[in-house]
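Quick notes on the structure that follows.
The values are calculated or read from the model by the stated rules, or taken from the named source; none is laboratory data. Fair warning: this is a prediction, and the values are worked out from it, not measured in the lab. Neighbour counts run over all protein chains shown; Cβ positions are idealised from the backbone, glycine included.
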Amino acid sequence: MSKPFKAKLFVESVQTIYLPNGEKQGERVILRPVYSNDPQSENYSFSKFTPQGNVELTITNPELWGNVEGIFTLDFRPVESREPYVGNGYE
């Protein structure tokens, strides 16, 4: 089983997604790992172990639109369940 870990990410961009009729459908949020080459910075240890990558989310909850900015931590923890989901190979 995979080991859990935590990543520290900053919001790189937020793009509005529209339906063909012009109605807002959601926001696409792209997060990237923080970086620092200063050993005294908390970001240094995060960037040492998760130096690259991105996370892309589409948010369709109107209550959250315009509210995703700044820096976040994201916990990656293995899930015991094998409940099917699209693209997991267990369909």
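With the requirement that a residue be part of a loop (DSSP other than H, G, I, E, B) and among the hydrophobic types (A, V, I, L, M, F, W, C), what does the stretch 4-24 give you?
19
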Kindly indicate the residue of the stretch 67-81 that is assigned to a loop (DSSP other than H, G, I, E, B) and in contact (Cβ under 8 Å) with a residue 24 or more places away in the chain and also surrounded by the most Cβ atoms within 10 Å (Cβ to Cβ) among those meeting that condition. 68
Output the residues belonging to the stretch 1-52 that are free of Cβ contacts under 8 Å to residues at least 60 places away in the same chain and within 10 Å of the chain's Cα centre (by Cα). 29, 30, 31, 32, 33
Scanning the stretch 1-44 for residues that are among the basic types (Lys, Arg) and surrounded by 12 or more Cβ atoms within 10 Å (Cβ to Cβ), the one modelled with the lowest pLDDT turns out to be 6
